[in-house]
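**Q** Would you mind keeping the following structure in view while I ask a few things?
The values are calculated or read from the model by the stated rules, or taken from the named source; none is laboratory data. Note that the structure is a prediction, hence the values are computed from the model and not measured. Cβ placement follows ideal geometry from the backbone for every residue including glycine, while neighbour counts extend to all protein chains displayed.
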Amino acid sequence: MNKEHNTYTTTDKLITRITTWIAGIITLALCIWGVITAFHLFKYEETNDAQVEEYINPITSRVSGFIKEIRYDENQDVKKGDTLLIIDNQEYALQQQEAEAGIQSGKDQVTALQSNVETASKIAQVSNVQIVAAKAKLVRQQLEFARYQKLFDAESATKQQMENVQTASDVAQSDYQAALDNYQAALSKVNDNRSQISPVLSEIKRRELILKRNNLDVSYTVITAPYDGKMGKRTIQPGQQIQVGQTLAFIVDKETGKWVVANFKETQLHNMHVGETVDITADAYPDVKIKGKILSLSPATGSRFSLLPPDNSTGNFVKIAQRIPVKIKITDDNPVVAQLSAGMNANVSVNKSSSDHE
């Protein structure tokens with residue numbers, strides 16, 4: 001009976017000893033982990049409320065019409081200037097041709113009016129020559145009348161002769177006046193034709209502007225990539241009618257690069273400044289550390305930019321630590337950066353000591 005009791009006691013001691021060692025190891029491990037965690041928290045400010053960001057812009061239509069051809073696929077890489085889709089441009093091409101025809105018609109009118117100006121100028125020159133001839137004839141008839149007047153006074157000419165000379169002088173006077181009137185009429189015709197040219201030139205200018213607008217509309221029927229990027233989900237089909245301003249696709253801008261927006265608590269900001277180096281770890285690649293640099297800190301908390309910002313004066317105030325968005329530029333050339341996509345979660349840590357030193 002005593003042997004069994006002693007054996008049980010020895011086994012129990014062994015189990016207790018093993019359990020104690022295990023508990024000690026676990027306690028030591030927890031202590032080490034706690035020290036490391038406390039040291040990390042003391043040295044770094046960090047947050048897991050962070051996301052990878054890129055510019056994602058809509059591709060919109062500047063004209064309405066039917067889609068004729070689509071030249072991109074979902075998730076396709078495109079270069080700046082690559083044609084994405086083509087809109088049927090027949091209506092816009094007809095308007096373009098109509099504007100061109102109107103411009104040509106106006107130019108023909110100008111040519112005709114300039115020709116009329118030249119013709120009227122020549123007529124005016126002829127009328128001017130006729131004035132000289134009529135004036136010479138009038139002077140001769142006036143001298144003739146003066147001579148016969150003396151003869152008539154000396155009773156050397158008959159009254160009939162005097163009347164004939166008077167009539168000839170009056171006719172010469174009328175011819176001279178008619179020549180003057182014809183010259184003035186010819187000059188007026190020249191001025192009238194010249195005055196008609198200016199409105200036609202204005203109309204041509206207006207039609208040229210319409211043509212430029214039509215040329216723009218025709219160019220808008222070919223939609224191209226505004227920059228190097230990657231296309232998003234495709235939601236349109238050939239033959240579909242689209243309207244002005246309608247969103248046709250989304251493109252991710254690859255030229256401006258990627259950045260991370262980390263939302264730090266307001267109590268963490270005193271250890272941060274613009275230009276400070278940070279460490280980024282994406283959830284998709286937890287074993288890869290990516291270097292970044294703080295570009296800017298938001299001028300207000302994220303809640304202030306919401307559709308309905310909170311108002312503490314309404315009486316339902318609950319104090320909550322607010323978060324400030326911090327924009328971080330990715331400066332690392334690690335190949336993993338190219339695999340990051342907008343919206344991916346990330347962890348960001350900032351070294352307090354380096355911030356204090358700087």
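**Q** Please enumerate the residues belonging to the stretch 322-342 that are part of a loop (DSSP other than H, G, I, E, B) and under 16 Å from residue 256 (Cα atoms).
**A** Correct list: 331, 332, 333, 340, 341, 342.
Yes/no per residue for (1) surrounded by 12 or more Cβ atoms within 10 Å (Cβ to Cβ); (2) aliphatic (A, V, I, L, M); (3) farther than 30 Å from residue 350 by Cβ:
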{"position": "236", "(1), (2), (3)": "yes, yes, yes"}
{"position": "240", "(1), (2), (3)": "yes, no, yes"}
{"position": "251", "(1), (2), (3)": "yes, yes, yes"}
{"position": "254", "(1), (2), (3)": "yes, no, no"}
{"position": "261", "(1), (2), (3)": "yes, yes, no"}
{"position": "270", "(1), (2), (3)": "no, no, no"}
{"position": "275", "(1), (2), (3)": "no, no, no"}
{"position": "278", "(1), (2), (3)": "yes, yes, no"}
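**Q** Follow-up question, since we're still on this one. Restricting the stretch 27-70 to residues that are β-branched (Val, Ile, Thr) and either in contact with a Phe, Trp or Tyr (Cβ under 6 Å, 6 or more places away or on another chain) or under 14 Å from residue 230 (Cα atoms) (or both), which is surrounded by the fewest Cβ atoms within 10 Å (Cβ to Cβ)?
**A** Restricting to residues being β-branched (Val, Ile, Thr) and either in contact with a Phe, Trp or Tyr (Cβ under 6 Å, 6 or more places away or on another chain) or under 14 Å from residue 230 (Cα atoms) (or both), the top hit is 56.
**Q** Still on this structure: Hey, can you tell me all the residues within the stretch 213-234 that are small (Gly, Ala, Ser) and surrounded by 15 or more Cβ atoms within 10 Å (Cβ to Cβ)?
**A** Matches in the stretch 213-234: 225, 229, 232.
**Q** List every residue pair whose Cβ atoms lie under 7 Å apart, where the two residues are 6 or more positions apart in sequence or sit on different chains, the first residue falls within the stretch 76-90 and is touching a residue at least 12 places away in the same chain (Cβ under 8 Å) and in a strand (DSSP E or B), and the second residue, located anywhere, is surrounded by fewer than 16 Cβ atoms within 10 Å (Cβ to Cβ) and of a type in the set (D, E, K, R).
**A** 83/71; 84/71; 85/69; 85/71; 86/68; 86/69; 87/68
**Q** Look at the stretch 71-104 and say how many of its residues are within 23 Å of residue 226 (Cα to Cα) and either touching a helix residue (DSSP H, G or I) at 6+ places or on another chain (Cβ under 6 Å) or among the hydroxyl-bearing types (Ser, Thr, Tyr) (or both).
**A** Count: 4.
**Q** Out of the residues in the stretch 279-311 that are without any contact (Cβ under 8 Å) to a residue 24 or more places away in the chain and basic (Lys, Arg), which is nearest to residue 52 (Cα to Cα)?
**A** That would be 289.
**Q** I'm checking my understanding of the structure. Among residues of the stretch 41-69 that are in contact (Cβ under 8 Å) with a residue 40 or more places away in the chain and in a helix (DSSP H, G or I), which one is farthest from residue 277 (Cα to Cα)?
**A** 42
**Q** Something else about it: If the Cβ limit is 9 Å and pairs must be 6+ apart or interchain, which residue in the stretch 122-136 that is under 9 Å from residue 179 (Cβ atoms) and basic (Lys, Arg) pairs with which residue that is at pLDDT below 70 and not in a helix (DSSP H, G or I)?
**A** none
**Q** Give me a count of the residues in the stretch 49-72 that are over 23 Å from residue 258 (Cα atoms) and charged (D, E, K, R).
**A** 4
**Q** Can you find, within the stretch 36-65, the residue that is modelled with the highest pLDDT among those that are aromatic (Phe, Trp, Tyr) and more than 23 Å from the chain's Cα centre (by Cα)?
**A** Checked the stretch 36-65; the qualifying residue modelled with the highest pLDDT is 44.
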